[in-house]
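**Student:** One structure, pasted below without further comment.
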C-alpha cells in the first residue's frame, strides 16, 4: 500500500521524547556528580540545603528516566503499527485487514490508556497514604517533645514566684484561674468539716456496763460535760469529795476522748489528692489539712502553665496533620528520593518505588491519550482512502464493461450540468433511503415507514410550492413615490434555502463518483441520454436529508463517511453498468462486505446513527402534523416609514398577526382541521387561533369571513398515482390517474386561481379573507371601519377581489332594504345580536333603570323575537352552547320572562345579578361545506351535490366568547350556532341574488374553482389521495401558472361612509400639518421643497391631492425637522392608509357593481 509511515508521529512527539532523554542524560552524567562533590566539601551548616538539592535533582532524574522509558514504549508501538499498515495492499481482503487492524489498535489504545491512568491514580493514592502515615507519626513525636519542654520552662518560671506574685500573675492572665483555685480549696475544706462532723456523730463506742448501748464521740463529750457540771454543783453545795471524784472522772473521760480522736485515722480529699490524717487534727484545722498553702500554690502554678500552653497545643495538633516541612520536601523530591523517604523505613522505600512507577505509567497514559485520537484518525483516513480507491476501481470496472451507446442526436442529450444534477439527486436519495431502511448488518431493520416518507415528501412539496409562490406585492395605484412596488413582498418561510449539515459528508464522495463517471465518455453519453428523460425528484429523501441529521459529531464519524462512500459507489456502479441514472433505487449496501466486516462498535454507531436520524425525522413530522412547528408559510412584508425607524409598514403583518402559522402554545394544534383546535391571545389582547385548524377558526369571535380548507369527514381514500396537467386556450386542465388505471379529467380552471389555490393549500391556513373588527389597541389611530384581511397567497392580486366580495354576499342580501323578504331575517339577527349585548353589559349592580335605559332597544328586540320564535335552540344559541358547558348565569330566566311578561320592562329585574360568564358575537361568513373523500372524486367534481352554491355555504353564526380575559377552550366536535330558524332561507336568498347578478355569479364561479382546487391540493398533501401521489408534479404546475397571476392592489379597509369621513379628516389634518411645518424654520433644502409640493397639491378626492407626494416628504425630511407631522405620517403609513387614500381616489373613477369585481 502506498502509505507514508507517519501514523502517530509528529514533531511534537519526537521533541518531547528527545527533551526527556537530554534531561536524564544531563542530570545523570553532569549535574548530579558535580552536586555530590560540592556536598562532600560543604560546611556543616550548608548540608541541609545541599541534601535538599540532591533530593530534588535525584527525583528529577528518576522522572526523566520514566519519561524516556514511556517514550520508548510508545515509539515502539507506533513503529510496529506503521510497519503493519505500510504492508497493506490494495485488495478487498487488505481493506478488511486494515479495518480489523484499526479496530484492534483502537481497543488496545483504549485499554492501555484506561489501565495506565488507573494504575497511575492508584500509585498516587498509595504514595499519599504512606506520606500521611509517616508525616503524622514524625510530626506528633516532635511536637510532643516540644510541648514537654515548654511546660517545664513555664513551671520553673512559676516556681520562682512567691504566692502573692503568683496570684498576681494568674489574675493578669485570667482571673478565673485564682478564682478556680480558691473555690476548690473552699469546697475541699467544707467537705472535710462535714466528714469530721459525721465521724464525731457516728455511734462507734460501747460502754461495758449492763446496757452496752452504743455511743458516739459527741455523746462521750456530752457525758464529760455533764460530769463537770455536776462537780461544780457538788462543790457549790459543799460536797468537796464528791466534786473531786466527779472532776477526776471527767478528766479521765477527756483523756480517753482525746486519745480516741488522736488514734482515729481519717482520709480526706485534698488539692493534691487523698490526705490521711487523724480526727483530732482534722477537727482542729481542716483547711490546713486539705488545702495548705503549698498545695494552693502548686495548683495555681499548674493552671497558669496549662493556660499558657493552650495555644501551643492547638498549633501542635494542626502541624501534626499537615507538617509543611515534610510536605514541601516530599513534593520537591517528587516522592522518588531516598533522602526524603529513608527515615520512614520500609514504608519510605515502598513509597519511592511506587512514585517511580506512577510517573512511568502516567507518561504512558498521557502519551496514549494524546496520540490515540490521532492514530485512530490516521487509520480511519487510510481506511477511507483504501475504500475509496476500491470503490473507484469497481466503478471503473463497471464502466469499462459498458457497451457503446447508440448514436444519439445532440438535442436528445441533456447538458452536463443537468446530468450532474440528476446523478447528485439520485445518490443523495439513495443515501437517505439507505439510512431509512436500516442498512447496518444485523441492525434494527426498516426504521422509516411509507407514511413517514409520505409526510416528509409532503412537507418538501409544500416548501417548494411556497418558494415558487413568493412574489412582489402591488404598489399603491398611482403612487409616484419612493416606496415602489418591489418594497412589498410576499415571501415563504422555511423555503429550503440553507444547505443541510449532511451535505458536508455527502458532497465529497458524490463529486468523486460523478467525476469518475465523466471520465468514461461512453458511460457519460449514456447518462446524458438518460438525463434527457426527466424523472420526478425524491422529495421524501431530500426532506429527510434536511431534517434528520442534526448531530454534527456523529455526521463526522468515520462510519458515516464510510457509509456515504459505499452508497455513492453502489449508485455509480449501477449507473455505469446499466447506462441509466437509478431512480427509486435501494442500495445494495446491506450485503456489502465492508459493512459486514464492521466491528460491533462500528455497527452500534451506524445503528445509532440510523435510529437517531429516523427518530429526529419522525419527531419533525409529528411536530408539523400537530402544529408545533411551521414547515413553511407565506408572509407579507413591507418597510415602515423612514420617519419612524423600525416601524412596520402598510399593515404588512395584519394576516400573520391574526392568524399565525404557529402559536407559542400550539402543541396539539391541528393542521387543516386534522388536530385539536388551539387558541391564544396576543400581547394586545387580540384573539389568535391556530390558523391551520378549520374547526378552531370557525369559533374565532373576530372572524366571520371566508373560511375554506376543511378536512374530509371520512370516506375511502382515493389512490391517485398519476397527476398531469395541460394549458389549453388559456384554461388549465388537470388529469388524475388511479392505481387501477382510472382517469379523471377536471377543468378547465383559471390558471391564476389554480396558482393561488395551490399556494393556499401549501400554506395550510384556512382563512381566505375576512373583515375583522378593528381593535383600538391595534394602532394609535382608531379607524372607524373594518380592516380587509386577505390570505398572503393572493393578497394584492386580482383574485383577492373575489375573496373579499364573496364575504359581503350575506350582508348585502340581508340588509338590502328593497329585499322585503329578508326583513324577518334581519329582525331575528338583530334580536339575537342584541341579546348578546345584554349578556355582555348586564352586571351585578342594582341599577336596573340605568341598564334598561342603555339596553332598551336590545331588550325590546330580544323580547319580540322570543315571543314570535321561542327561546329554544332554533331561536337563541344559549341552549346549544350551554350543552357544551358554557355558563350564561341567569340568562335563561330572562328569556323565560320574555315569554310570560307583558313587556320587556317587566323583565328588567332579571338584569341585576345576571352573572353570565359567556356571551357571543354575531357575524356573517362563508364556509366550505363538509365532504367525504370518494374513489370517484365526486367530492371534487360536485357529482351528487345539492344546490347552486356548492361547495360553499353562506351563514350567519353566533360565536361564543368568554367575558373573562381567558380564552375559551374549544372542543373538536363542537359546531357553531348558525340561526337554524332561517339558515336554509338565507341560502336560497343568496342563490337567487347571485343568479340575478352576473358579477356576483362570476365571483361565485371563481371561488368555486378556488375551493375545489385547494380541496384537491390539500387532500393530496394530507394523504387523502393515497401515499403515492406524485407531489413533484405540483411544483412545475405552480411555476407554469405563476405568469397568469395579475398583481394589483386590493382594498385594505372597508370603504364605507364612516371610513370616507375619517379619511377626509386625515386629509385636512395633513394639509394643516404641511402648512405648520412650512411656518417653522427647521425644514430646509429638499425637505422644504417636498413640503411645499405636498402643501400645494389639494382637492382630494376629486384630485390626487397631496397623498402621492407624502413619500417625497418621508424621503427628504427627518423626524426632527417635522416632529408632529412625522408621527402622523408614520402612523398612516404603518396602517396602509396613505396607499388606501390613493386607492380610494382611483376607485372613485371606476365604480364596481355590487358584489362584483368587474369594473
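**Student:** Which of 1028, 228 has the fewest other C-beta atoms within 10 Å, and how do the rest follow up to the most? Mind showing how you got there, number by number?
**Tutor:** Working: 1028 14, 228 18.
The most exposed by this proxy come first: 1028, 228.
**Student:** Another question, then. Quick check: pseudo-label points 7 Å beyond the Cα along Cα→Cβ at residue 278 and residue 578, how many nm apart are they?
**Tutor:** Going by the 7 Å Cα→Cβ label model, 13.4 nm.
**Student:** Here's another thing I want to ask about it. Bins of 5 Å, beginning at zero and ending with the bin holding the largest distance: percent of Cα pairs per bin for region 185-308, please.
**Tutor:** Binned Cα distances yield the sequence 2, 10, 15, 15, 13, 11, 10, 7, 6, 4, 3, 2, 1, 0, 0.
**Student:** What does the highest-first list of 190-198, 1008-1016 look like by mean Cβ count within 10 Å?
**Tutor:** Details: 190-198: 15.2, 1008-1016: 23.7.
Put in order of decreasing packing, that is 1008-1016, 190-198.
**Student:** Normalising by the residue count of region 178-300, find the relative contact order in percent from Cα pairs under 8 Å and 6+ residues apart. Could you put the intermediate results ahead of the total?
**Tutor:** Values: 148 pairs, mean separation 35.4, N = 123.
Value for region 178-300: 29 percent.
**Student:** If you don't mind, there's one more thing I want to ask. May I ask for the distance between the Cα centers of region 1017-1037 and region 244-306, given as a whole number of Å?
**Tutor:** Each part's Cα centre sits 122 Å from the other's.
**Student:** Binned at 5 Å from 0, what are the whole-percent values of the Cα-Cα distance distribution for region 1057-1148, short to long?
**Tutor:** Cα pair-distance distribution for region 1057-1148, in percent: 3, 14, 28, 27, 17, 8, 3, 1.
**Student:** Taking R0 as 56 Å, what FRET efficiency do you get between residue 622 and residue 309 from their Cβ-Cβ distance, rounded to the nearest 0.05?
**Tutor:** Result of the calculation: an efficiency of 0.10.
**Student:** What order do you get for 971, 759, 921 when you list them from fewest to most C-beta neighbours inside 10 Å?
**Tutor:** Numbers: 971 11, 759 29, 921 19.
With the sparsest Cβ surroundings first, the list reads 971, 921, 759.
**Student:** Would you mind getting me the FRET efficiency between residue 917 and residue 532? Use the beta-carbon distance for r and R0 = 60 Å, nearest 0.05.
**Tutor:** Details: r = 69 Å, r/R0 = 1.15.
That pair, residue 917 with residue 532, gives E of 0.30.
**Student:** Given contacts defined as C-alpha pairs under 8 Å and at least six residues apart, what's the relative contact order of region 663-1044, whole-number percent? Provide the component values of the computation, followed by the final result.
**Tutor:** Values: 685 pairs, mean separation 88.5, N = 382.
Once divided by the residue count of region 663-1044, the mean separation gives 23 percent.
**Student:** R0 = 22 Å: FRET efficiency of residue 1127 with residue 1060, Cβ-based, nearest 0.05? Don't skip to the end; give the middle numbers.
**Tutor:** Details: r = 24 Å, r/R0 = 1.07.
Computed FRET efficiency for residue 1127 and residue 1060: 0.40.
**Student:** With 10 angstrom as the radius, rank 469, 216 by how many other C-beta atoms surround their C-beta, starting from the fewest. Please list the in-between numbers first.
**Tutor:** On the way: 469 27, 216 15.
Going from least to most buried by this count: 216, 469.
**Student:** Now, a different point. If I model a spin label at residue 25 and residue 823 as a point 7 Å from the Cα along the Cα→Cβ vector, what separation in nanometres do I get?
**Tutor:** For residue 25 paired with residue 823, the spin-label model returns 12.1 nm.
**Student:** Run the numbers for residue 745 and residue 962: contour at 0.36 nm per residue of separation, minus the present Cα-Cα distance, in nm.
**Tutor:** Numbers: separation 217, 0.36 × 217 = 78.12 nm, distance 4.79 nm.
Length gained between residue 745 and residue 962: 73.3 nm.
**Student:** Related question: At 7 Å along the Cα-to-beta-carbon direction for both residue 713 and residue 971, put a label point, then send me their distance in nm to one decimal.
**Tutor:** Reported label-point gap for residue 713 and residue 971 is 1.8 nm.
**Student:** May I ask you to give the average projected area over all directions of the convex hull of the Cα atoms of region 954-1013, in nm² rounded to one decimal? Mind showing how you got there, number by number?
**Tutor:** Working: hull surface 25.8 nm².
Computing the convex hull of the Cα atoms and averaging its projections yields 6.5 nm².
**Student:** Provide the packing ranking of 1107-1113, 460-466, i.e. peptides ordered by the mean count of other C-beta atoms within 10 Å per residue, highest first. Each step should come with its number before you reach the end.
**Tutor:** Details: 1107-1113: 24.9, 460-466: 26.7.
Listed from highest to lowest mean packing, they are 460-466, 1107-1113.
Where a number appears in this text, it was derived from the coordinates with a stated rule and is not lab data. It should be emphasised that the depicted structure is a prediction, and the values quoted were computed from it without experimental measurement. Here Cβ is always computed from backbone atoms with ideal geometry, including for glycine, and neighbour counts include all displayed protein chains.
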